[in-house]
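**Q** Sharing a structure with you now.
The values are calculated or read from the model by the stated rules, or taken from the named source; none is laboratory data. None of these values were measured; they are calculated from a predicted model. Note that we place each Cβ from the backbone using ideal geometry, even for glycine, and neighbour counts take in every protein chain shown. The accessibility values were calculated without ligands, DNA or RNA, using every heavy atom of the protein model including side chains. Shrake-Rupley method; radii C 1.70, N 1.55, O 1.52, S 1.80 Å.
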Amino acid sequence: MSTKELISAWEELSPVQQEAAKWDKSPLLVLAGPGAGKTRVLTCRIAHILDSSCDKNFRVLGLTFTNKAADEMRSRVVNFVPGQEGRLFLGTFHSFCADVLRQHGTHLNINPNFHIYSQNVDLQAVLNKAVKEARKRSDVISDLDKKTLLVIQRLKSRLVLPENCREEFIDKEFGERMAIVYPAYEAELSKRNALDFNSLIFKAYQLFTKFPTFAKRYRTVYPYICIDEFQDTNHAQYNFIRALTGDQHKNLFIVADDDQIIYQWNGASHKRIEEFVKNYSPSVIQLPMNYRCPHEIVKLANDLICHNFLRTADKKPLEAFHPSLGKDTVRLLHVFSEFDAEAVGVAKDIKNLHSNHLGSVVVLGRSRKLLEGVELALRGEGLPVVISQRKDEFESTPFMWLHSILRLANDRQDRTYLEAVCGTFAQLTEVEVDPDDVITQARASNRDYLQYWIKIVRQKTSGTLVKEVIDQTSRFLGEGRDFHMFSKYALEWFNKLIQAQQQADSDPTTEVFTRYEEERSVWEELMREITKSLGDEITLEAFLQELQMHSKEPSPMPNAVILMTIHGAKGKEFDHVYLIGLVDDELPSFQSKQKGDNSPEMEEERRNCFVAITRTIKTLTLSYAEKYRGWPKKPSRFLFEMKLLSG
């Protein structure tokens, strides 16, 4: 029986949104513009399917591109149909592929306990070692080949196998070198029991194509597949979907907007929707109504994007649900003499107009360099500010230790994790353990590093609290893998350490506990979301893999101005948007200008501007200067296309 929450949400959908949400006739392409309520449509569709099939065992698969989007949609679905979350997988492409490989990766010689390398520093270390090994076998390999990481990642995103990469290069000599380096890189990853992000998609694709029985099984388990932000799929992701669904899949439901393709550098293309239409012959429903932006913003967006030609035929212009809000809804600040003056001018404008609600203000820029200039200016005005960016690792000592010891519990012969555990534990307790002593004794007795670390710490300490920590570590991790209970205990221990410092009149926020409070909130939130996503019975290996794919960035301070790149702002919305640096060579970029006015690169820059302005709920303020880094610049062509400048 439908809950009142689902009934209410369904009644709030427009007739065309309801038509999309209950579609059950063929593959469906939903062309949804910015602010079209696509999240409501997707979540209501998933909830409707689950609600109308309570007595069935099949599952629904929902794929999107960010963990935050997946977490938000999952929370809504659970609210609409409580108790049905066990029949739903809602996550990113990478998360789903990681789950597939945990279940069946052994058929490709992938250990389910694999590590996920997400940081360039880790991947570069793999490549450096691979090149070192390759040089022993071939004189044509040199240190120059340590700069080919991006090349390897692009090969993977195009599903090029190491043994086939030679033919991908016009430069035959370079192709010969990559035919040695790429396999060596893959061998080094395998040696470390690791996969990089692109490997997750590639290996899952290989599994489904090499063993089509698995793909068929997944089609049976997931007869309904919903994909959000489909326009952002690259070649590998799209072909993974093709391998999963086969040529015919009645209930393949995708939401896309070819006016918001801004990840061309990652393989996204306007051709992807064309491929989908060709391969699946879907029905099409358009959702042009914009429920987010004022009328003035919708007009700007339509005036701008109509200059693009690489769009779906018969694409409807955006329609404004909200009326005009008046002359101050869109403002183009007077031209500044140079960028430093622009940054100061924007900061003063924010202070004058928005001091009482800074948390509702975002400043968007094409590059981080521009944002850093505005950050300095805002701080100069005494305003709190934060630059939003992905954060891959914890920085406070307590959570570095907690993360490291869970990793060591999962991979008990890993020297890197052992060294991290020893170093951070010494900072927390002043009990120092030499990793080499642990390794030597562990190897002599044929036991793992975690067990011997526990044994040596016991021998070195007489403190009651430290002994208790070691006893609990041994209980939850040494003898088992109950990371939930261990995490709960660790947080209690961290609180005791802070209290002890406070009683000793020490400042608990210095050094060891720097950023502790914000990272505690992040840790607790990630524990909740990952458990919701993969279930209460989630294994330690699955938790760590999923944790590696999540950003450790804290939620922004409630009353601080947020600074974001345009790419980082996609999928978000803000009351008051400032878009800075509107000059040729910045937005559009210098590189797109070099490609030409009618190039795909220029069209993507126009889409960047389109995405930026349509984040707006109430007001949009735009700015530019005559000089950047000492070089004179012309006003952005997009200002003329939006009819904010003439001539």
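**Q** Go through the range 585-600 and give me each residue that's open to solvent by less than 20 Å² (accessible area, probe 1.4 Å), farther than 21 Å from Tyr628 by Cα and either in contact (Cβ under 8 Å) with a residue 12 or more places away in the chain or in a helix (DSSP H, G or I) (or both).
**A** Those that are open to solvent by less than 20 Å² (accessible area, probe 1.4 Å), farther than 21 Å from Tyr628 by Cα and either in contact (Cβ under 8 Å) with a residue 12 or more places away in the chain or in a helix (DSSP H, G or I) (or both): none in the range 585-600.
**Q** In the range 34-58, what count of residues is obtained for those that are in contact (Cβ under 8 Å) with a residue 60 or more places away in the chain, farther than 21 Å from Arg528 by Cβ and either buried (at least 18 other Cβ atoms within 10 Å of the Cβ) or hydroxyl-bearing (Ser, Thr, Tyr) (or both)?
**A** 9
Here's the yes/no breakdown for (1) surrounded by fewer than 22 Cβ atoms within 10 Å (Cβ to Cβ); (2) among the aliphatic types (A, V, I, L, M); (3) more than 30 Å from Val466 (Cα to Cα):
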position	(1), (2), (3)
Asn352	yes, no, yes
Leu364	no, yes, yes
Pro384	yes, no, yes
Ile405	no, yes, no
Asp414	yes, no, no
Ala420	yes, yes, no
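**Q** Additional query: How about the range 300-331: which of its residues are closer than 18 Å to Gln260 by Cβ and not in a loop (DSSP other than H, G, I, E, B)?
**A** Hits for the range 300-331 are Leu300, Ala301, Asn302, Asp303, Leu304, Ile305, Glu319, Ala320.
**Q** How many residues, within the range 474-497, are open to solvent by less than 20 Å² (accessible area, probe 1.4 Å) and under 15 Å from Phe399 (Cα atoms)?
**A** 7
**Q** Within the range 601-647, which residues are open to solvent by 30 Å² or more (accessible area, probe 1.4 Å), in a loop (DSSP other than H, G, I, E, B) and either touching a residue at least 12 places away in the same chain (Cβ under 8 Å) or closer than 22 Å to Ala343 by Cα (or both)?
**A** Listed by number, the residues that qualify are Glu626, Arg629, Gly630, Lys633, Lys634, Lys643, Leu644, Leu645.
**Q** Another question, then. Could you grab me the full set of residues in the range 68-90 that are open to solvent by less than 60 Å² (accessible area, probe 1.4 Å) and either in a loop (DSSP other than H, G, I, E, B) or touching a strand residue (DSSP E or B) at 6+ places or on another chain (Cβ under 6 Å) (or both)?
**A** If the condition is that a residue be open to solvent by less than 60 Å² (accessible area, probe 1.4 Å) and either in a loop (DSSP other than H, G, I, E, B) or touching a strand residue (DSSP E or B) at 6+ places or on another chain (Cβ under 6 Å) (or both), then Ala70, Met73, Arg74, Val81, Gln84, Leu88, Phe89, Leu90 are the ones that fit.
**Q** Answer with yes or no whether Arg368 is within 23 Å of Arg607 (Cα to Cα), surrounded by fewer than 20 Cβ atoms within 10 Å (Cβ to Cβ) and touching a strand residue (DSSP E or B) at 6+ places or on another chain (Cβ under 7 Å).
**A** Numbers: within 23 Å of Arg607 (Cα to Cα): yes; surrounded by fewer than 20 Cβ atoms within 10 Å (Cβ to Cβ): yes; touching a strand residue (DSSP E or B) at 6+ places or on another chain (Cβ under 7 Å): yes.
Considered against the rule, which asks whether it is within 23 Å of Arg607 (Cα to Cα), surrounded by fewer than 20 Cβ atoms within 10 Å (Cβ to Cβ) and touching a strand residue (DSSP E or B) at 6+ places or on another chain (Cβ under 7 Å), Arg368 comes out as yes.
**Q** Something else about it: Which pairs do you get when a residue that is under 21 Å from Gly568 (Cβ atoms) and in contact (Cβ under 8 Å) with a residue 60 or more places away in the chain, found in the range 248-275, comes within reach of a residue that is buried (at least 19 other Cβ atoms within 10 Å of the Cβ) and small (Gly, Ala, Ser), reach meaning Cβ atoms under 6 angstrom, with the pair 6+ apart or on two chains?
**A** Val255/Ala32; Asp257/Ala32; Asp257/Gly33; Ile261/Ala268
**Q** Something else about it: List pairs: first in the range 330-355 and without any contact (Cβ under 8 Å) to a residue 60 or more places away in the chain, second assigned to a helix (DSSP H, G or I) and among the aromatic types (Phe, Trp, Tyr), Cβ under 6 Å, 6+ apart or cross-chain?
**A** Close Cβ pairs (under 6 Å, with a partner that is assigned to a helix (DSSP H, G or I) and among the aromatic types (Phe, Trp, Tyr)) do not exist here.
**Q** Could you list, in sequence order, all residues of the range 429-452 that are in contact (Cβ under 8 Å) with a residue 40 or more places away in the chain and under 20 Å from Glu541 (Cβ atoms)? Steps first, please.
**A** Kept after step one, since they are in contact (Cβ under 8 Å) with a residue 40 or more places away in the chain, are these residues of the range 429-452: 429, 449-450.
Answer for the range 429-452, where residues must be in contact (Cβ under 8 Å) with a residue 40 or more places away in the chain and under 20 Å from Glu541 (Cβ atoms): Tyr449, Leu450.
**Q** Moving to a separate point now. As an exercise: evaluate Leu150 against (1) touching a Leu at 6+ places or on another chain (Cβ under 9 Å); (2) without any contact (Cβ under 8 Å) to a residue 12 or more places away in the chain; (3) within 18 Å of Ile116 (Cα to Cα) and give the number of the one condition it does not meet.
**A** Here Leu150 meets the rest and fails (1).
**Q** In addition: Residues in the range 38-59 that are of a type in the set (D, E, K, R) and farther than 18 Å from Ser14 by Cα: how many? Write out each step before concluding.
**A** Start the filter on the range 38-59 by keeping residues that are of a type in the set (D, E, K, R), which leaves 38, 40, 45, 51, 55-56, 59.
Then keep just the ones that are farther than 18 Å from Ser14 by Cα; that gives 51, 55-56, 59.
Selection size over the range 38-59: 4.
**Q** If the requirement is being in a helix (DSSP H, G or I) and in contact (Cβ under 8 Å) with a residue 24 or more places away in the chain, which of these qualifies: Ala184, Ala179?
**A** Ala184
**Q** Please state which one of Gln413, Gln389 is modelled with pLDDT under 90 and more than 21 Å from Arg520 (Cα to Cα). Give the steps one after another, and end with the answer.
**A** Values: Gln389 fails: more than 21 Å from Arg520 (Cα to Cα).
Of Gln413, Gln389, the one residue that is modelled with pLDDT under 90 and more than 21 Å from Arg520 (Cα to Cα) is Gln413.
Yes/no matrix, rows are residues, columns are (1) open to solvent by less than 40 Å² (accessible area, probe 1.4 Å); (2) more than 30 Å from Arg59 (Cα to Cα); (3) within 30 Å of the chain's Cα centre (by Cα):
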site	(1), (2), (3)
Ala134	yes, yes, no
Asp139	no, yes, no
Lys146	no, yes, yes
Ile152	yes, yes, yes
Asp171	no, yes, no
Val181	yes, yes, yes
Glu188	yes, yes, yes
Thr209	no, no, yes
Tyr218	yes, no, yes
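**Q** How many residues are outside any strand (DSSP E or B) and in contact (Cβ under 8 Å) with a residue 24 or more places away in the chain if we restrict to the range 356-381?
**A** Selection size over the range 356-381: 17.
**Q** While we're here: Confirm whether Phe214 is aromatic (Phe, Trp, Tyr) and under 25 Å from the mean Cα position of the chain (by Cα).
**A** In short, no.
**Q** How about the range 521-552: which of its residues are in contact (Cβ under 8 Å) with a residue 60 or more places away in the chain, open to solvent by less than 10 Å² (accessible area, probe 1.4 Å), over 13 Å from Asp392 (Cβ atoms) and not charged (D, E, K, R)?
**A** Listed by number, the residues that qualify are Trp523, Leu540, Ala542, Phe543, Gln545.
**Q** Another question about this same structure. Leu63 - would you say it is of a type outside the set (Phe, Trp, Tyr) and either in contact with a Pro (Cβ under 7 Å, 6 or more places away or on another chain) or part of a strand (DSSP E or B) (or both)?
**A** So Leu63 passes the test.
**Q** When the residues of the range 273-300 are filtered to those that are in contact with a helix residue (DSSP H, G or I) (Cβ under 6 Å, 6 or more places away or on another chain) and farther than 15 Å from Thr614 by Cα, which remaining residue is modelled with the lowest pLDDT?
**A** Residue satisfying both the conditions and the ranking: Ile273.
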